[in-house]
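> Below: one structure in structure tokens.
Bear in mind these aren't lab numbers, they're just calculated from the coordinates by the rules spelled out. Only a predicted model underlies this, so the values are computations on that prediction, with no experimental measurement involved. Here the Cβ positions follow ideal geometry from the backbone for every residue, glycine too, while neighbour counts run over all protein chains shown.
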Amino acid sequence: MQSMRIFTILIIILSLFGCQKAYYSAMEKAGIHKRDIMVDRVEDAKETQEEAKEQFKSALDKFKSVKQFDGGKLEEVYNDLNEEYEMSLALAEQINGRIESIENVSEALFSEWETEIEQYSSASLKQKSKSKLITTKRQYSKLIRAMKKAEASVKPVLTIFRDQVLYLKHNLNAQAIQSLKGELGDIELNVGRLITEMNKSIDEANRFISSINTGS
């Protein structure tokens, strides 16, 4: 029990400090291969995108609620919108980290796979492994493109959120509310695009996970 606890702590430390090669080696010894790590990281990224999608919907609803503002404490409006912006920003940063972690393990996985292909003595098995690698790389490329496109769709939304929140902070008056109301169309349009790209990325992640797990 004590040795397992020490091993778990070691794994966490290696992961936190970015010693990826040592981390993958330690995981391999525990029976967890790069392929398994990749699937887990794609799952994590997908879940974060799903969470982000709901958060941006929530933020949009909060911004749209300004339409009904008819007097009251403007500071409360600012605090509510700023909170939505901060939560959206945090999830956007998390998505970026998730994508980077997938790229890291994919590089290690494909490099290892290419090296191991040369170890086959059977020509037919070698060819089958090559074909599978090519297919997996193609599926991975589609996945990472979709994820990065979804990530890129987040930036314009965050920019407009930030601008409106800052303007409201610096001008806690009716004019600031009117300015925000005038931007609601662009906010809604950009959030709509974001949700569309997030859905495409989530679908691509599901396809990738399914293909890896079924070996197809």
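> Going by C-beta contacts inside 10 Å, put V39, V191 in order with the fewest on the left. Walk me through the numbers on the way to the answer.
On the way: V39 16, V191 25.
Ascending number of Cβ neighbours within 10 Å: V39, V191.
> Which entry is the computed Rg and Dmax of the Cα atoms in Å for this structure: (i) 16.0, 46; (ii) 20.8, 64; (iii) 22.6, 79?
Derived directly from the coordinates: (iii).
> Once you've got the GNM for the chain with C-alpha springs shorter than 10 Å, pick whichever of N173, N199, N96 has the biggest mean-square fluctuation.
Answer for the Gaussian network model of the chain: N173.
> So how tilted is helix 174-214 from the main axis of the chain? Cα-based, degrees 0 to 90, rounded to 10.
On a 0 to 90 degree scale, this one is about 20.
> Which angle from 0 to 90°, rounded to the nearest 10, does the C-alpha axis of helix 20-29 make with the longest principal axis of the chain?
Roughly 60 degrees between the two axes.
> Sticking with this structure for a sec: Expected output is a single nm value to one decimal: the length gained when fully extending between Q178 and I134, i.e. 0.36 nm times separation in residues minus the C-alpha distance. What is it? Please list the in-between numbers first.
On the way: separation 44, 0.36 × 44 = 15.84 nm, distance 5.47 nm.
In short, 10.4 nm is gained.
> With charges only on Cβ, +1 for K and R and -1 for D and E, what is the dipole size of the chain about its Cα centre, in debye, rounded to 20? Intermediate values should be presented prior to the final figure.
On the way: 31 positive and 33 negative charges, 190 e Å.
Here the size comes out at about 920 debye.
> Loop-only check: which chymotrypsin sites (Phe, Trp or Tyr not before Pro) in the stretch 113-205 are DSSP coil with at most 13 other Cβ within 10 angstrom?
Details: sites: W113, Y120, Y140, F161, Y167; in loops: Y120.
Hits after loop and neighbour filter: nothing returned.
> Now for a separate question. Compare Q178, Q68, Q20 in a GNM of the chain, Cα atoms joined below 10 Å, and give the one with the largest fluctuation.
Q68
> At most 15 other Cβ atoms within 10 Å and a DSSP loop assignment: could you name the trypsin sites (Lys or Arg not before Pro) in the stretch 64-159 that fit?
Values: sites: K64, K67, K73, R98, K126, K128, K130, K132, K137, R138, K142, R145, K148, K149; in loops: K73.
Here the sparse-neighbourhood loop sites are K73.
> Then there's this: Pairs K62/K200; K46/K200; K46/K181; K142/K200; K29/K142; K53/K148: which exceed 22 Å Cα-Cα? Walk me through the intermediate numbers first.
Details: K62/K200 25 Å; K46/K200 11 Å; K46/K181 33 Å; K142/K200 11 Å; K29/K142 31 Å; K53/K148 15 Å.
With Cα atoms farther than 22 Å apart: K62/K200; K46/K181; K29/K142.
> Hey, what angle do you get for helix 123-170 against the long axis of the chain, alpha-carbon based, 0 to 90 degrees rounded to 10?
Helix 123-170 sits roughly 20 degrees off the main axis of the chain.
> If the reach is capped at under 18 angstrom between alpha carbons, list the lysines near K126, excluding any in the same chain fewer than eight residues apart.
In chain and number order, the partners are K137.
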